[in-house]
Structure formats: structure tokens, C-alpha cells
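So the structure is just underneath, and the comments pick up after that.
Here, each number is a calculation from the coordinates, and none is a lab measurement. Only a predicted model underlies this, so the values are computations on that prediction, with no experimental measurement involved. Cβ: placed from backbone, ideal geometry, glycine included. Neighbour counts: every protein chain shown.
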Amino acid sequence: MSAIFISKYNSSSFVLSGFPGLEVNYLWFSIPFSIIYAVVLSGNCLVLHVIRTEPSLHQPMFYLLALLALTDLGMGLSTVHTVLGSLWGFVQEISLDACIAQSYFIHGLSFMESSVLLAMAFDRYIAICHPLRYSSILTNDKIMKIGVAILCRSTLLIPPVIIRLKFLNYCRPHILSHSFCLHQDLIRMACSDIRFNSIYGLALVVSNLLLDSVLILVSYVMILHAVLAIASQEERLKSLQTCVSHICAVSVFYIPIIGLTMVHRFGKHLSPLVHVFMGNIYILFPPLMNPIIYSIKTQQIRRRIQRLFYWKEIC
């Protein structure tokens with residue numbers, strides 16, 4: 001069976017599985033997915049436009065939010081062509097080089113989002129625990145350096161494990177578990193020695209996602225300690241409200257990752273569709289929800305969007 005499959009498909013290409021067993025419903029599935037991608041792309045572009053055109057939003061917190069929106073926009077753009085192409089029926093295979101490139105962007109952007117959320121947690125810590133020194137600590141120059149550090153951390157650590165994929169021997173059936181390429185999917189099909197990919201990949205996850213989540217948790221422990229020391233209940237609530245958007249963004253990013261990890265680790269008996277849906281939630285839920293969260297919860301952005309659409313209605 002494996003030999004037949006390999007002879008049928010080019011050894012340098014992989015089949016996008018989409019949603020196994022639900023092929024007859026692909027047209028209906030494409031409608032909500034098209035809407036989701038439209039919201040992802042338009043929502044994040046709107047947030048970027050509002051921050052760029054509103055001088056009052058040219059502050060450290062909103063610069064980091066713009067970086068988060070760019071990351072989410074990149075995630076949407078890097079997966080939209082294979083996910084919708086698979087559902088619409090005109091993209092059924094992906095070449096090895098394109099698969100490796102997509103894997104690089106997906107994992108790199110995930111690490112970048114984690115780094116941005118950590119930087120935003122640091123921003124909230126300084127704003128609440130050291131409010132009088134906020135403007136002197138988080139200057140535009142320092143925010144630029146943080147942005148460069150995030151970019152370097154997210155892009156320069158991944159190539160060793162991604163480039164290695166190019167030289168593996170893929171002798172198992174070339175069927176991807178999703179409509180996009182993930183590192184763990186590719187090494188699953190390899191017959192070569194994958195110890196480097198496994199060890200280095202685990203080290204990346206620990207040094208990025210796990211470390212970031214721990215540092216975010218520590219920052220909020222210190223924030224909560226500082227807030228509880230405030231005498232006025234009204235001031236305590238006001239301080240905590242400035243963190244609501246970030247807490248929601250952290251939740252919509254890490255909860256799907258934890259869910260996907262648990263499914264891959266303990267859900268081998270589950271239907272493949274569960275793995276597929278969890279993978280799509282991991283890819284699409286944060287880029288979909290972040291613009292909505294910050295448009296609703298952040299007063300400055302909400303007012304600017306309202307003025308933007310109100311002005312268009314008048315015109």
C-alpha cells in the first residue's frame with residue numbers, strides 16, 4: 001500500500017488531507033472558513049491602520065499590539081492558500097519546498113506571538129508596578145530594540161531544524177494530517193534519523209513557549225501583588241481592567257496549544273477529525289480573536305474604529 005501510494009504521488013510532494021471523511025461537505029465547510037479568514041485579514045489590517053493613523057496610539061503598548069497584529073496577519077496569509085485551496089478542490093498537493101517554507105512561517109510566527117505576549121506582559125508590569133517610571137523605561141527606542149529581539153529570536157533559532165527537513169528521506173505515505181504543513185507532521189513520515197529534529201524541536205518549545213508562559217505567569221503574580229497593595233478598590237479594579245485584553249490574548253493563544261498537545265499526546269484513540277479541528281483552532285483562533293478582543297476591550301481603539309466608520313457613513 002505504501003509503495004503504491006509513493007508511486008502515485010511524486011516523492012517530493014505531499015497530499016493535504018483536509019477533513020478526512022467529510023469531502024462531500026467541503027463546499028459548506030469553505031463558507032465558515034472563508035468568513036474566518038476574511039475576519040482575520042481585515043480585522044488585523046484594521047487594527048494596524050488605526051494604530052498607524054491615530055497619533056494618540058503611538059505608545060509602547062500599541063506598538064506591541066501592532067506587532068501582534070502583524071504576527072496574526074502573517075499566520076493568516078501563510079495558511080489561507082492551502083486551507084481554502086484544499087476545501088475548494090484546486091490545491092490537493094504541496095511540494096516539499098513549499099511545505100518546508102510554510103512550516104517555517106507557522107512555527108516561527110507561533111514563537112513570535114509568544115514573544116510579543118511576553119513583551120506585552122512586561123509592558124503591563126511596568127505600567128502597574130512602576131507607573132511613574134513607565135515613560136522612561138519603555139521609550140520608543142527600547143520598544144524598537146525589543147521588536148528586533150523578538151524578530152531575531154523567532155526567525156534565527158528555527159532554520160537548523162527546518163533546513164534539516166530538506167535532507168530527510170520520506171518513505172512513508174505522504175499524507176499530511178492537516179491542510180497545512182507542521183514540523184511534527186513531516187518528521188512522522190521520515191525514515192531517516194530524526195533525533196536532531198526531535199531534541200532541537202523540544203528545546204525550541206521549552207525555551208520559547210514554555211519559558212514565555214512561565215514568565216508571563218510570574219509577571220501577573222507580581223502585578224496582582226502590586227494591585228492588592230492599592231488601598232482603593234476602585235483603583236484596584238481600574239488597574240486590573242488594563243490587563244483584561246492581554247489576559248484574553250494570552251488565553252486564546254495558549255489554551256489551543258495546550259489542547260492540541262494533549263490531543264496529540266493522549267488522544268491517539270480519537271477520530272482524526274479531532275486532531276484536524278484542534279490543528280485549525282491552533283492556527284486560526286488567536287488571529288481571529290485578537291482583533292476582536294482589542295477592538296472591544298481597548299477603549300482608545302474602539303473609539304477610533306467607531307469614528308472611522310462614522311466618518312465613512314457621513315461621507
Neighbour-count ranking for F14, F90, F277, F19 (other C-beta within 10 angstrom, fewest to most) reads F90, F277, F19, F14
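For the chain, what is the calculated [θ] at 222 nm in deg cm²/dmol (nearest 500), taking -39500 (n - 2.57) for each run of four or more DSSP H residues and dividing by its residue count?
Values: 14 runs with 233 residues, N = 315.
Rounded to the nearest 500, the figure is -24500 deg cm²/dmol.
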With angles folded into 0 to 90 degrees, how steeply does helix 195-205 sit against the dominant principal axis of the chain? Use alpha carbons for both and round to 10. 20
Can you bin every Cα-Cα distance in region 134-217 into 5 Å intervals starting at zero and give me the percent of pairs per bin, rounded to whole numbers? 3, 12, 17, 17, 17, 12, 8, 6, 4, 3, 1, 0
Packing-based exposure ordering (other Cβ within 10 Å, fewest first) of C171, C129: C171, C129
As a test of the definition: which semi-axes, in Å, follow for region 2-314 when you take the square root of five times each eigenvalue of its alpha carbon gyration tensor? Largest first, please. 38, 23, 17
Output the 0 to 90 degree angle, nearest 10, between the alpha-carbon long axis of helix 211-228 and the longest principal axis computed from the alpha carbons of the chain. 20
Please work out the C-alpha center-to-center distance from region 64-126 to region 195-223 and express it in whole Å. 18
In degrees, nearest ten, helix 26-53 long axis to first principal axis of the chain (Cα): 30
Going fewest to most other Cβ atoms within 10 Å around each Cβ, C191, C99 line up as C191, C99
Specify which residue in the list L68, M278, N197 is farthest towards the positive end of the charge dipole of the chain, using unit charges on the beta carbon of Lys, Arg (+1) and Asp, Glu (-1), about the Cα centre. L68
